[in-house]
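Working notes, beginning with the structure itself.
Just so you know, all these numbers are worked out from the coordinates, no wet-lab data involved. Source: prediction; values computed, not measured. Here the Cβ is made from the backbone with ideal geometry for all residues, glycine too, and neighbour counts use every protein chain on show.
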Amino acid sequence: MNQLSQPAVLADGLCKSFAAKQVLSNLDLALAPGTVLGLLGANGSGKTTLIKCLLGLFRTSGGRAQIFGEDAWNLSATTKERIGYVPQEVATYPWMRVRHVIDYTAAFYPRWNRELVADLCRRWRLPLDERSGSLSVGQLQTLGIVLALGHEPELLILDEPVASLDPGARREFLRTLIDLVEHPDRTVLFSTHITSDLERVASQIALLRDGQIEFCGELDLLKDRVKRLRILAPDALPASFAVAGALSCQVDGKLAVATVADFSPQEIDELRQTWNADVTVSDLNLEEIFVELHDSESPKLSQGELTGAVR
Amino acid sequence: MDTSPLQFDIAPSSGVPIYRQIVDQVVALVAGGRLTPGDFLPSVRQVAQTADVNPMTVSKAYGLLESDGVVERIRGQGMCVSATATSGPLAERREQAQQLLAPAIHRARLLGLTDKQIRALFEASLKDSAK
């Protein structure tokens with residue numbers, strides 16, 4: 001029973017500084033087993049730092065980082081066996097042939113699924129007899145993914161795994177992830193800038209901004225709640241025109257465009273009545289939501305705002 | 001009859017969550033008579049693999065359809081369109097059509113047309129499409 005309540009990944013008041021530069025400040029994050037979490041954040045927001053702290057590759061400056069209930073800095077061998085990790089830049093021994101890199105990695109694990117690995121190599125057309133030093137960046141990245149999957153980890157952590165992959169290989173990667181998460185206990189955390197990939201596979205989204213998790217929750221809920229309103233009034237709207245709880249609001253004469261974080265039909269009716277205005281509501285995809293949240297100067301999107309039940 | 005997973009037209013990058021797209025499409029297929037009681041929905045796995053989306057999202061959609069009484073879970077066989085799913089299809093169809101019309105009316109008003117002109121246009125379009 002303990003397994004159920006214990007998060008696969010936990011950050012509790014996590015802080016990380018490099019000299020005087022604070023990258024993560026008091027960051028909280030918990031991943032329940034079976035979650036596929038997409039980690040989004042601008043360049044330099046600290047995604048890689050967070051991942052490395054969670055894996056115990058960086059020592060935290062404060063707070064806790066845990067994997068399967070163990071301190072990330074002191075992970076036991078049995079816990080490490082349950083983790084797969086694909087770093088942003090995959091490093092291997094360049095003089096080794098690809099098949100030897102695979103055999104070499106396999107030797108570290110008591111359990112290794114050769115069939116799965118052979119199948120993945122075929123799907124990705126990895127040249128097994130070439131030296132790994134002659135692989136392209138994209139091929140090296142796919143090799144990194146294969147190496148991280150061979151021992152069928154319960155927890156897979158990937159740092160921008162698809163940044164160098166072509167669209168076909170990216171889709172192949174997503175299919176692999178989809179196959180993987182058919183097993184309900186598998187947990188995946190991956191950072192990326194490609195929001196359309198997250199829309200396919202992520203159940204949860206975490207947004208990293210200013211060293212903290214600005215939002216963490218269901219992708220569906222985010223799409224249900226964040227909406228853009230176009231308000232067209234018969235007369236010019238006052239410069240002070242504002243929509244309660246809006247992430248952004250632009251007024252131009254009779255027209256106002258606002259993005260709200262917590263869409264409610266009642267609010268629309270109120271706007272219609274108060275301003276005698278035409279209000280249209282449009283859906284936003286993850287990329288648009290990301291940009292809105294990121295550009296917004298408003299205080300953090302509170303968890304409370306987005307915890308309403310899904311209809 | 002089994003339904004092909006290709007019946008679903010899923011746009012992952014739309015602002016409409018994927019689970020809702022599936023729910024809406026199944027409801028529309030039932031309302032339009034293209035899915036009838038006793039028809040089986042494609043399996044979660046089939047839909048997930050065909051559309052390259054997370055199977056959990058498909059399960060969630062099917063769960064909602066089940067709790068709305070549109071489909072029933074038949075043990076070992078999958079999701080079956082329920083016998084009661086067709087009750088009141090007209091109301092359903094009307095509501096859907098209204099949702100399609102509302103933005104068109106809105107745009108027509110923005111183009112400066114009067115209600116009378118819009119009505120005339122609607123009549124003309126209706127005649128046109130009947131040809």
Cα gyration tensor shape of segment A:13-160, rounded if a/c is under 1.5, else prolate or oblate by comparing a/b with b/c: prolate
Within-11-Å neighbourhood charge of A:Asn113 [Cβ basis; K, R +1; D, E -1]: -1
Exposure proxy order (Cβ contacts within 10 Å, fewest to most) of A:Asp197, A:Asp262: A:Asp262, A:Asp197
Per-bin percent of Cα-Cα distances, chain A [10 Å]: 6, 24, 29, 21, 12, 6, 2, 0
Sites A:Asn113 and B:Leu100 - FRET efficiency at Förster radius 56 Å, r taken between beta-carbons, to 0.05: 0.65
Cα gyration tensor, segment A:229-273 - rounded (a/c under 1.5), prolate or oblate: oblate
Of the trypsin sites (Lys or Arg not before Pro) in segment A:10-114, those whose Cβ has at most 11 other Cβ within 10 Å and which sit in DSSP loop: A:Arg59, A:Arg111
Quotient of Cα Rg and 2.2 N^0.38 Å for segment A:115-179, N being how many residues it contains: 1.04
Given charges at beta-carbon only (K, R positive; D, E negative), |dipole| of segment A:238-283 in Debye: 160
Highest-fluctuation residue, B:Asp39, B:Asp24, B:Asp115 considered, GNM on chain B with Cα pairs under 10 Å: B:Asp115
Rounded to 10°, Cα long-axis angle of helix B:55-67 versus longest principal axis of chain B: 80
Dipole of the protein assembly as shown [Lys/Arg +1, Asp/Glu -1 at C-beta], most positive-end residue of A:Leu143, A:His294, A:Pro110: A:Leu143
Neighbour-count ranking [beta-carbon atoms within 10 angstrom, fewest first] of B:Ser82, B:Ser67, A:Ser134: B:Ser67, A:Ser134, B:Ser82
MRE, 222 nm, helices only [DSSP H, n ≥ 4, -39500 (n - 2.57), over chain B, to nearest 500]: -18000 deg cm²/dmol
Rounded to 10°, Cα long-axis angle of helix B:89-110 versus longest principal axis of chain B: 40
Neighbourhood charge, 13 Å Cβ-Cβ cut-off, centred on A:Leu155 and excluding it, Lys, Arg +1 and Asp, Glu -1: -2
Distance between modelled label sites at A:Trp95 and A:Asp252, nm, 7 Å Cα→Cβ extension: 6.3
Lys/Arg +1, Asp/Glu -1 at C-beta; segment B:89-130 dipole; positive extreme among B:Ala108, B:Phe122, B:Ala91: B:Ala108
Dipole axis of chain A (+1 Lys, Arg; -1 Asp, Glu on Cβ), positive-most option in A:Thr35, A:Leu180, A:Gly253: A:Leu180
Cα gyration tensor shape for chain B, rounded if a/c is under 1.5, else prolate or oblate: prolate
Per DSSP, loop trypsin sites (Lys or Arg not before Pro) in segment A:121-168 with at most 16 further Cβ within 10 Å: A:Arg125
Sorted by Cβ neighbour density within 10 Å, fewest at the top, the residues B:Phe122, A:Phe58: B:Phe122, A:Phe58
Unit charges on C-beta of K, R, D, E only; dipole of the protein assembly as shown, Debye: 560
Acute angle (nearest 10 degrees) that the helix B:18-31 long axis makes with the longest principal axis of chain B, alpha-carbon atoms: 80
Inter-chain Cβ neighbour average for residues B:3-13, partner chain, 10 Å: 2
Inter-chain shielding of B:52-60 (mean C-beta neighbours from other protein chains, 10 Å cut-off): 6
Check: segment B:5-86 dipole with +1 on Lys, Arg Cβ and -1 on Asp, Glu Cβ, in debye: 160
Average beta carbon contacts from partner chains per residue of A:196-208, 10 Å cutoff: 3
Span-like helix ranges in chain A, DSSP H, alpha carbon extent 15 angstrom or more, Kyte mean at least -1.0: A:137-149, A:167-180
Segment B:23-55-segment A:60-126 distance, computed between alpha-carbon centres (Å): 38
